[in-house]
Amino acid sequence: MHTVLRLTLLLLLVSQLCLAQNPANMKSTEITDGWQFRQASSGNWMAATVPGSVHTALMANGVIEDPFYRTNEKKLQWIDKNNWEYRTSFEVSREWLNKGRIALEFQGLDTYADVYLNGELILKADNFHRGWEADVKGLLREGENELYLYFHSPTQVGLQKLRAHGYPLPASNDQSENGGMGDNKVSIFVRKPGYHFGWDWGPRLVTSGIWRPILLKAWDEARISDVFYNQKAVSIEKAEVEVQVEVEAETPAEGQLSVFWKDSLLARLPIQLEQGKQTVSVPVIFQKPQLWWTKELGEPFLYEMSVVLESGDKEIAREESRIGLRRIRIVQEEDEKGASFYVELNGHPVFSKGANYIPNDVFLDRVDTAWYREMIQSAADANMNMLRIWGGGIYEDNLFYSLCDEAGILIWQDFMFACSMYPWDSAFVENVRQEAIYNIRRLRNHPSIALWCGNNEIDVAWAQYKENSGWGWKQRYTKEQRAEIWAGYEKVFHEILPRAVEEYQPGIFYWPSSPYAGEGTHATYSSTSGDVHYWGVWHGEHPFSEFRNHVGRFMSEYGFQSFPEFRSVQQYTVPEDWDIESEVMAAHQRSGIGNLRIRSYMEDHYNLPEDFSHFLYAGQLLQAESIKMAIEAHRNAKPFCMGTLYWQLNDCWPVASWSGIDYYRRWKALHYFVRDAFKPDVVAFEEGQDSIKVFVCSGRKEPVNAQLRLELRDFSGDLLWYENKDIRLDPENAQIVANLPSGTLKGLGEITEMYLRGQLLENGEVAHENLFYFVPPKALALPENPEISISMTTTGIGHYELRLKAEKLAKNVFLEFEDSEGFFSDNYFDLQPGVEKVATFDENKMGEKPLTAEDLKVLSLVDTY
């Protein structure tokens, strides 16, 4: 039943309501205690933590060593070939049993699980990405109850499905040989995260277990099973919201629904409860609403909403949410160069700045609230306004999206499909449909969700419309097989998923694949519509300068690798491993070309350090400089280009990868560089044949007056040339504000011993600063002793302020307290001669005595020569 009431209440005419509260109506408890596990039908039962996984439970019981240490991963491939059992018991009181309905909710089972309550089968789960619920009132008994779960080996199930299918399907990143599976790539046949089977940045550790909470819930009369705040129209004048409430009633009854913002009643509707599920719609109008914005455009304001169901003069159900009122469009408009592709938020174009996000760990139960907060705060601190949840991982935890809501960070949300072709049998397709419905309903009230995308890179990998394009997949199959594989693809990504999006979150944008250039064609490095993944740099061995020649309308992937810093590498190695070609370093590099590719690029830009730790440091600089160049090229092309999301923000284990933050949450040089390149207003240099172009780009809503100061200085700090200009920053376009004759500038000194500094000043304060060097780092005549002086003061317990000054240029200064762990507010920076640098250090773990300047280790590029 779908009831619609034409009801409008203005916010200015709200009333207060005191409800007859009945908090005892809905009872809920998480089942966390007393869990045990074992390999199926063998061995002793051992203690387990839930949520958790078999791997982490085996570690906790001392059965296996850390899979991330050295090459331990190889020894643990037996785990996913076996079946596993979990069990616990829990008490149920008469008070619970007297409730009208009792259910067990399983928020995440990994993956093929038979669930028994008191010996009775209540559920057969077959999808990692879905939640499950079972009615258990008739099976519970007063006192002790036993819950038992039997997890089937996901690889054995996958192998059965592969054989039943009749022929293999492409799965480029499935590390089946590492897993002892030969060429049997089974990951695509099971609805489980693809990255568990390995990726070019991740290990092959195929998990089983209870990965999200299990709740026992009980209620009487009725419950609110879902609320959707369907934002029909949103402007600065008013927001029209249809609050769609799904009610599940046990018996017919009279009731009423009330919608609140905090304590203010916005709408009330009498309803006739019917047995079973019904959806009731309550239209609400917000006059002069406070809108949700990304941080550089405004405040990400959140309304604290409640929907209350009453019957018989008492509250019987309540659902609370935080929503943001906003209007998001993905704008695709044809122009003389192709077609635009950008996010429009509340009528304002947004230049999307951010990164691709993968799961924070292979073992997801270890990713706690603090970890999520740290990662989203790191993204916000780096001036990001968008993260892309990539399709080979997971639909993230609710907390992740809530934190993005608070931080004003938009989400590009992939469905969980990546770099593979998938089955199309009716059972698989229906499982996918239910997975999509579950997650759309779970996430749709988050204002951060900007769009849903069908998959990662499958459209370009198969390349149906270009016979000689793609990744060589389709050429492996017969004509008949190709036809049915593509028909299966279209069924899922052009029918099932877009229909689910339209039905359960009407109005939000659906994009079939990433990258994608439009129906009947495929994205390339030179596409002028849709989004682009540019991997000419790295995979194609293009020079960094090619970032400037391959700029699309929205750059949703590009990247370059680096190693973690030496402190991180020490945590998973021993000294004999400290060579990039050692077995252990190779095992923690999943891109087959990786370590040597880093060295090859390094030879073009840096003097190769002989010291291992210096090599890691130089590799981070190489990565940071390359991605900085790419970001500047993308921002300089605004409005032709309106988005730049580099690959990738984070890691799921300790590894050499494209990440800007390593597994231990230490910022690489890249993240510091990105923070600077993503500032709202920036100045950038681009060297051409005979000139150096100076660009400015603004991410603001409105134009602003500013000053540009350009200086040419040598490495001793002497001023060789300068120019000051008044400019006006235009939020609509990047601008070339100066075109400097490079020949003239180079004639003012030795090009190996000078640099160009650009400063963007707003109200007399430096909003952004950028440095340009005329030659690659390896050709710079860096002073052997920059004469760095350091002073340090304590600003609180575990908090320090550092002041550094150099007589001569110190390039890419890296700071470290070897005996203390913490966070530097800045690092890997160029310490310019005569310019004091102020940084802070916050200790994570304090030592026995306060730190001093003598404890600080200072490394700069010249020290690696």
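Key figures
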{"item": "Number of the exception - Thr478 against (1) polar (S, T, N, Q); (2) in contact with a Ser or Thr (Cβ under 7 Å, 6 or more places away or on another chain); (3) free of Cβ contacts under 8 Å to residues at least 40 places away in the same chain", "result": "(2)"}
{"item": "Among the candidates Ile236, Ile271, Ile285, residue that is open to solvent by 10 Å² or more (accessible area, probe 1.4 Å), closer than 22 Å to His446 by Cα and either assigned to a strand (DSSP E or B) or small (Gly, Ala, Ser) (or both)", "result": "Ile285"}
{"item": "In region 531-562, the residues that are of a type in the set (Val, Ile, Thr) and open to solvent by 10 Å² or more (accessible area, probe 1.4 Å)", "result": "Val551"}
{"item": "Scope region 781-812; condition part of a loop (DSSP other than H, G, I, E, B) and free of Cβ contacts under 8 Å to residues at least 40 places away in the same chain; matching residues", "result": "Asn785, Glu787"}
{"item": "Meets criteria (of a type in the set (D, E, K, R), open to solvent by 60 Å² or more (accessible area, probe 1.4 Å) and touching a helix residue (DSSP H, G or I) at 6+ places or on another chain (Cβ under 6 Å)) for Glu30", "result": "no"}
{"item": "Matching entry among Leu309, Leu364, Leu387 (being aliphatic (A, V, I, L, M), under 27 Å from Asp531 (Cβ atoms) and out of contact with any Lys or Arg (no Cβ under 6 Å at 6 or more places or on another chain))", "result": "Leu387"}
{"item": "Residue match in region 378-387 (condition: of a type in the set (Ser, Thr, Tyr) and either surrounded by fewer than 18 Cβ atoms within 10 Å (Cβ to Cβ) or assigned to a strand (DSSP E or B) (or both))", "result": "no"}
{"item": "All strands (runs of 3 or more DSSP E) inside region 51-166 with 1 or more residues being among the hydroxyl-bearing types (Ser, Thr, Tyr) and surrounded by 15 or more Cβ atoms within 10 Å (Cβ to Cβ)", "result": "84-92, 112-117, 143-152"}
{"item": "Any hit, region 307-325, residues being open to solvent by less than 50 Å² (accessible area, probe 1.4 Å) and assigned to a loop (DSSP other than H, G, I, E, B)", "result": "yes"}
{"item": "Tally of residues being open to solvent by 20 Å² or more (accessible area, probe 1.4 Å), outside any helix (DSSP H, G or I) and over 24 Å from Tyr773 (Cα atoms) across region 813-855", "result": "19"}
{"item": "Segments classed as strands (runs of 3 or more DSSP E), wholly inside region 396-513, with at least 2 members that are among the aromatic types (Phe, Trp, Tyr) and open to solvent by 20 Å² or more (accessible area, probe 1.4 Å)", "result": "509-511"}
{"item": "Where a residue in region 674-688 is under 19 Å from Ser545 (Cβ atoms) and its partner, wherever it lies, is among the basic types (Lys, Arg) and surrounded by fewer than 20 Cβ atoms within 10 Å (Cβ to Cβ), with Cβ under 6 Å and at least six apart", "result": "Glu686/Lys693"}
{"item": "Restricting region 348-374 to residues that are without any contact (Cβ under 8 Å) to a residue 60 or more places away in the chain and part of a loop (DSSP other than H, G, I, E, B), the residue that is surrounded by the fewest Cβ atoms within 10 Å (Cβ to Cβ)", "result": "Asp368"}
{"item": "Asp381 vs. criteria acidic (Asp, Glu), under 30 Å from Arg204 (Cβ atoms) and out of contact with any Ser or Thr (no Cβ under 9 Å at 6 or more places or on another chain)", "result": "no"}
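The values are calculated or read from the model by the stated rules, or taken from the named source; none is laboratory data. Remember, predicted model here, so these are calculated numbers, not experimental data. As a convention, Cβ positions derive from the backbone with ideal geometry for all residues, glycine included, and neighbour counts pool all protein chains shown. Only protein heavy atoms, including side chains, enter the accessible area calculation; ligands, DNA and RNA are left aside. Shrake-Rupley method; radii C 1.70, N 1.55, O 1.52, S 1.80 Å.
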